[in-house]
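K.L.:
Please find one structure pasted underneath; my questions will follow.
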Amino acid sequence: MPRMARLEMPGSLYHVMARGIDGMKIFGDDEDRKEFLKRFSGHMRACCYKCLAWCLMDNHYHFLLRSNENPLSKLMRPLNGGYARWFNNKYQRKGYLYQDRFKSVLCQDQEYSRSLIRYIHLNPLRARKVYSLEELKKYRWSGHAFLINKSGALGKEFHERNEALRQFGHTEKKAIKRYYSYLAESIDTDNLEKSGLLPDDDLVELSGSNKGWPAVIGDPEFAKAAMERHAVGIYRKHRKADYASEMEKLAGRICGEYSIKKGDLLSRGRKSCRSDARALFCYHAHVEELIPLSVIGRFLRITHISAARLSLRGEKLLKPEASAKRN
């Protein structure tokens, strides 16, 4: 049975996980963990992602990552593949190290990202590797210690501390205090396994990602929009070879409607007619013609993240027409 396409939206947050096959340990000792983090740091620099939270356990790991135009696979495939070869060579074993491919869950910003930072960093507490927040400061293999600025903590090479703290406050001191309180209020001292757990709906998404579903954590509107874009990522209306001619035809139509030249459509600017034309071009090309954002971006000489933003703006210009098409 073919794998389902991974749900990806450039510039978004992803909870990324991988587990050892049949529950086996993927980290036998601290040398393994150091090797894995060294590789992770190098691949993070190569693809320019940002890490907001992380945790290594014996048989699995968690990351909260902010993506860019590079697909998740550009980071995760060489990381997992390279580390698995190193691990097998060290322990003189053969075969797969991980339980299927890595899992990823698209996450909405703000409250949902805060919940995931807490969920990831409290993993050692739920697993009873430590028994309190005070002990968690000494656990080397998560981002908690680095986030609260503990001396000697790991993560300097790859953990985007400032962006992670901005989820909790505008100044470092206030953000650390709010972050620490946020973790503390979720700890169930009578049952540590419940500490920092996500709401049931979000846990279902995590479980679904382990089964290969495209998973989303966020409010209903965010989830609906993400799943609609996921459908765009699966189905194509045109051959790749026809994208250029289709965009040329669409550009001609848009330029005619706005009485502008193609050069105006390709130029950035704040003039309302030109800006509106570019936004509608992106919307029609991506949503109606199902042309990938990266292709649209190259046509307009912008990044595909900018193309995505223009597409959303184009949808707003067309409302309620665009809304009617979805319903």
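All of the numbers you see were taken from the coordinates with simple rules; none came from a lab. These figures come from a predicted structure and were not determined experimentally. All Cβ positions, even for glycine, are placed from backbone atoms using ideal geometry, and neighbour counts span all protein chains on display.
K.L.:
With a 10 Å Cβ neighbour count serving as the proxy for reagent exposure, in which order, fewest first, do Trp54, Trp213, Trp141 appear?
P.N.:
The fewest-first ordering by Cβ neighbours comes to Trp213, Trp141, Trp54.
K.L.:
Right, something else. What is the order of Cys273, Cys47, Cys282, Cys55, fewest Cβ neighbours within 10 Å to most?
P.N.:
The most exposed by this proxy come first: Cys273, Cys47, Cys55, Cys282.
K.L.:
Report, by chain and number, residues whose modeled amide H sits under 5 Å from the one on Ala53, excluding near sequence neighbours (fewer than 5 apart, same chain).
P.N.:
Under 5 Å from the amide H of Ala53 lie the amide H atoms of Leu64, each far enough along the sequence or on another chain.
K.L.:
Straight-line reach from Lys25: which aspartates and glutamates fall under 13 Å, measuring Cα to Cα and dropping same-chain residues less than 8 apart?
P.N.:
Asp58
K.L.:
Can I ask one more? Return the FRET efficiency for the residue pair Ser294, Arg253: r is the Cβ-Cβ distance, R0 is 35 Å, and the value is rounded to the nearest 0.05.
P.N.:
E between Ser294 and Arg253, to the nearest 0.05, is 0.95.
K.L.:
Between Pro292, Pro71, Pro220, find the one with the highest GNM mean-square fluctuation for the chain; connect C-alpha pairs within less than 10 Å.
P.N.:
Result for the chain, Cα springs under 10 Å: Pro220 fluctuates most.
K.L.:
Could you give each residue of region 185-197 its phi-based ³J(HN,Hα) in whole Hz, using Karplus coefficients 6.51, -1.76, 1.60 with θ = phi - 60°, and x for Gly or Pro?
P.N.:
6, 9, 7, 9, 5, 7, 8, 4, 5, 8, 5, x, 5
K.L.:
Return the distance in nm (one decimal) between the two label points of a simple spin-label model at Arg93 and Ala184, each offset 7 Å from Cα along Cα→Cβ.
P.N.:
The answer from the label model is 4.1 nm.
K.L.:
Taking amide H positions as placed 1.01 Å from N in the peptide plane, with prolines and chain starts having none, which residues 5 or more places from Ser195, or on another chain, fall under 5 Å of its amide H?
P.N.:
Under 5 Å from the amide H of Ser195 lie the amide H atoms of Asp188, each far enough along the sequence or on another chain.
K.L.:
By per-residue mean of other Cβ atoms within 10 Å, what is the highest-first order of 172-185, 81-94, 300-313?
P.N.:
Output ranking for 172-185, 81-94, 300-313: 300-313, 172-185, 81-94.
K.L.:
Find the Cα radius of gyration of region 236-326, compare it with 2.2 N^0.38 Å by division, and give the number to two decimals.
P.N.:
Relative to the 2.2 N^0.38 Å estimate, region 236-326 comes out at 0.99.
K.L.:
Follow-up question, since we're still on this one. Based on the Cβ-Cβ distance of Met24 and Glu193, what FRET efficiency does E = 1/(1 + (r/R0)^6) give at R0 = 25 Å, to the nearest 0.05?
P.N.:
About 0.70, to the nearest 0.05.
K.L.:
Further question on the same structure: In the set (1) 29, 53, 17, 1; (2) 30, 58, 12, 0; (3) 28, 50, 20, 1, which value of P(r) over Cα pairs in 20 Å bins from 0, in percent was calculated from the structure you see?
P.N.:
Computed from the coordinates, P(r) over Cα pairs in 20 Å bins from 0, in percent corresponds to (3).
K.L.:
Which residues in region 37-54 place their backbone N less than 18 Å from a point set 7 Å from the Cα of Lys156 along the Cα-to-Cβ direction?
P.N.:
Residues 37-42, 45, 51 fall inside that zone.
K.L.:
Provide the FRET efficiency to the nearest 0.05 for the Lys316-Trp86 pair, computing r from the beta carbons and using R0 = 35 Å.
P.N.:
0.10
K.L.:
Show which lysines lie in cross-link reach of Lys174 when reach means a straight Cα distance below 20 angstrom and same-chain residues fewer than eight apart are skipped.
P.N.:
Excluding near neighbours in sequence, the set is Lys137, Lys150.
K.L.:
For Lys211, list the lysines whose Cα falls under 16 Å from its own Cα; do not include residues on the same chain fewer than 8 positions away.
P.N.:
Here the lysines satisfying the reach criterion relative to Lys211 are Lys103.
K.L.:
Another one. Taking amide H positions as placed in the peptide plane 1.01 Å from N, state which residues far from Ile217 in sequence (5 or more) or on other chains have amide H under 5 Å from it.
P.N.:
Placed amide hydrogens put Leu106, Cys107, Gln108 under 5 Å from Ile217.
K.L.:
Taking region 236-326, how many lysine pairs are there with alpha carbons less than 20 Å apart, if each pair must be eight or more places apart or span two chains?
P.N.:
Count of close lysine pairs: 9.
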